[in-house]
1. What does the charge count around Ala136 come to, taking other residues whose C-beta lies under 13 Å from its C-beta (Lys +1, Arg +1, Asp -1, Glu -1)?
2. How many nm is it between the label spots at Ala105 and Asp37, if each spot is 7 Å from the Cα in line with the beta carbon?
3. Consider the candidate values [x] 16.6; [y] 17.4; [z] 20.4; state which one is Kirkwood radius over Cα pairs in Å computed from the structure displayed.
4. Tell me what the chain gives for mean residue ellipticity at 222 nm when only DSSP H runs of n ≥ 4 count, each as -39,500 (n - 2.57), the sum divided by the residue total, rounded to 500 deg cm²/dmol.
5. Pairs to check: Lys66/Lys118; Lys113/Lys139; Lys118/Lys143; Lys92/Lys131; Lys118/Lys139; Lys66/Lys92. Give those whose C-alpha atoms are more than 25 Å from each other in this structure.
6. If each of Leu179 and Lys66 carries a label point 7 Å out from its Cα toward its Cβ, how far apart are those two points in nm?
7. What residue among Pro19, Pro170, Pro135 has the largest mean-square fluctuation in a Gaussian network model of the chain, using Cα springs under 10 Å?
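Nothing in this text is a laboratory measurement; each read-out follows from the coordinates by a stated rule. In this text the structure is predicted, and so the values were computed from the model without any measurement. Every residue, glycine as well, gets a Cβ built from its backbone with ideal geometry; the counts of neighbours run over all protein chains shown.
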Amino acid sequence: MATKRSSSRKKAGGGQKTPDVLELLASQHAEVDDLFDQLESAGEDRAAIFQELADRIAAHATAEEKVFYPAAMRDQTTEMLHQAVEEHLALKRVLADMLELDPEADEEGFMAKLAVAKEEFSHHAHEEEEKRLFPALRKLMSKDEREALAGEVLSAFEAAMEDEPRTHIPDETSMAASLPPP
């Protein structure tokens, strides 16, 4: 299982440059989905997989909130982006609760919260971003803008991953990230 997580990290964390920010973010969504699936079927390695999952979600949210969402702010996307930071907040709150649990000692409570976190993430990533926000941005942003933004988002993600980003989650649960006006 460690090999699978290592290869996930390589895909999102470098090696190959994703030419479009929307493709980059969608690939990160898929990697998180994979970690959720691994975690649901894990036995004794559950804590390590959860740390990887929480780190990836935290780093992904940081890159979106600090780089992607401000760059994507348009009159047509304002409502979607404000909803997105509220969805991040809801997910961070569940993750903060999970960080307080021992995945093996409180398996029932941990797995219940995992199901909620998975649903929150899936709705946010696939229903809101990939089905609503990304198609709008394909029309509103040029290919060159999306390609340039991919490098910035990837850099922010990689920088966040260097610092065990899961440890910052509890400090980010009082209010949603602020966004600039369009």
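1. Details: positive: Arg74, Lys131, Arg132, Arg138, Lys139, Arg146; negative: Asp75, Glu79, Glu128, Glu129, Glu130.
Local net charge: +1.
2. 3.2 nm
3. Computing Kirkwood radius over Cα pairs in Å and matching it to [x] 16.6; [y] 17.4; [z] 20.4 gives [x].
4. Using -39500 (n - 2.57) per qualifying helix, the result is -21500 deg cm²/dmol.
5. Cα-Cα > 25 Å for Lys113/Lys139; Lys118/Lys143; Lys118/Lys139; rest within.
6. That separation, rounded to one decimal, is 1.9 nm.
7. Pro135
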